[in-house]
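These notes are about the structure you will find just below.
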């Protein structure tokens, strides 16, 4: 069921990319004439030593939960996250199933100094150019939906565009492939793509297998300060949290509670 749903998302993304191909080609041509100097910023911010760093997410909806925040306002959320001095802001840009928009990413990237991550299902090189056009400092690459050749190629394009890449894995096979392809930043998604079940033990199982020179981000299912402490103890450099904050009226207070144990 979940695999079929993932296939639907990818099929939808292919159609979306095809429909925007002319626009994205134009973006690529224009960007090739410019300079960009943000490479390494995302990686540096999410791996700051002495603490576990926060990538806070801007997301309106999800396929499994529907609308997460009724009064969704990416500008207001960006201001809260920026004021809270989060390490980075992840912005969902997939439209059909997550109700995201590239415009949200562009607005947040331009208004705040905090580095941004384009969170989407990247299956086409042109999406990387779109990320850069929108001011992102990094993009998400999901190993489970890409071939090794695509991962290597996309990583090279990211380097040319001064984009960091958060390479997401879900199990040992994904991790082996990500490392083989040269990923520097490994994201461990604690949500099983086949069952949608979430288990923080996934991060605890995979982190010891990752070389010490890599940056590690734990994703999904992080709800409490105890969860954050557990993942820090396991060796994660950063956590990516969205829904836990977005369901709260007082997002700033929830950040303090989850990240620092403040009530």
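Taking the criterion of being within 24 Å of residue 115 (Cα to Cα) and touching a helix residue (DSSP H, G or I) at 6+ places or on another chain (Cβ under 7 Å), would at least one residue in segment 204-214 satisfy it? Give the steps one after another, and end with the answer.
Filtering segment 204-214 down to residues within 24 Å of residue 115 (Cα to Cα) leaves 212-214.
When the remaining residues are screened for being touching a helix residue (DSSP H, G or I) at 6+ places or on another chain (Cβ under 7 Å), the result is none.
No: zero hits.
Before we move on, is residue 238 under 23 Å from residue 128 (Cβ atoms), touching a residue at least 60 places away in the same chain (Cβ under 8 Å), surrounded by 13 or more Cβ atoms within 10 Å (Cβ to Cβ) and in contact with a strand residue (DSSP E or B) (Cβ under 9 Å, 6 or more places away or on another chain)? Working first, answer last.
On the way: under 23 Å from residue 128 (Cβ atoms): yes; touching a residue at least 60 places away in the same chain (Cβ under 8 Å): yes; surrounded by 13 or more Cβ atoms within 10 Å (Cβ to Cβ): yes; in contact with a strand residue (DSSP E or B) (Cβ under 9 Å, 6 or more places away or on another chain): yes.
In short, yes.
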Checklist outcome for this item: Apart from one, (1) within 15 Å of the chain's Cα centre (by Cα); (2) buried (at least 21 other Cβ atoms within 10 Å of the Cβ); (3) farther than 17 Å from residue 24 by Cα all hold for residue 151; the odd one out is (1)
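Would you point out which residue out of 167, 143, 108 is over 30 Å from residue 233 (Cα atoms), surrounded by 17 or more Cβ atoms within 10 Å (Cβ to Cβ), modelled with pLDDT of 95 or more and in contact with a helix residue (DSSP H, G or I) (Cβ under 8 Å, 6 or more places away or on another chain)?
Checking each option against the conditions leaves just 108.
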Checklist entry - In segment 89-105, what residues are closer than 30 Å to residue 229 by Cβ, in contact with a helix residue (DSSP H, G or I) (Cβ under 7 Å, 6 or more places away or on another chain) and touching a residue at least 60 places away in the same chain (Cβ under 8 Å)? => result none
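Any residue that is touching a residue at least 40 places away in the same chain (Cβ under 8 Å), in a helix (DSSP H, G or I) and crowded, with 17+ Cβ neighbours inside 10 Å - is there at least one of those in segment 220-228? Write out each step before concluding.
The first filter runs over segment 220-228 and keeps only residues touching a residue at least 40 places away in the same chain (Cβ under 8 Å), leaving 228.
Among the residues that remain, those that are also in a helix (DSSP H, G or I) are: 228.
Imposing the further condition that a residue be crowded, with 17+ Cβ neighbours inside 10 Å reduces the set to 228.
Yes, segment 220-228 has at least one match.
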Checklist entry - What about residue 261, is it free of Cβ contacts under 8 Å to residues at least 60 places away in the same chain and under 20 Å from the mean Cα position of the chain (by Cα)? => result no
Checklist entry - Quick check, is residue 91 crowded, with 24+ Cβ neighbours inside 10 Å and over 21 Å from residue 167 (Cβ atoms)? => result no
Checklist entry - Which of the residues that make up segment 150-205 are in contact (Cβ under 8 Å) with a residue 40 or more places away in the chain and assigned to a helix (DSSP H, G or I)? => result 159
Checklist entry - Being at pLDDT 95 or above and surrounded by fewer than 18 Cβ atoms within 10 Å (Cβ to Cβ), is that true of even one residue in segment 127-138? => result no
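Taking the conditions exactly as written (closer than 21 Å to residue 120 by Cβ, surrounded by fewer than 17 Cβ atoms within 10 Å (Cβ to Cβ) and at pLDDT below 80), does residue 12 satisfy them or not? Step through it out loud before you land on a result.
Numbers: closer than 21 Å to residue 120 by Cβ: yes; surrounded by fewer than 17 Cβ atoms within 10 Å (Cβ to Cβ): yes; at pLDDT below 80: no.
So residue 12 fails the test.
The values are calculated or read from the model by the stated rules, or taken from the named source; none is laboratory data. Only a predicted model underlies this, so the values are computations on that prediction, with no experimental measurement involved. So basically every Cβ, Gly included, is an ideal-geometry build from the backbone, and we count neighbours across all protein chains shown.
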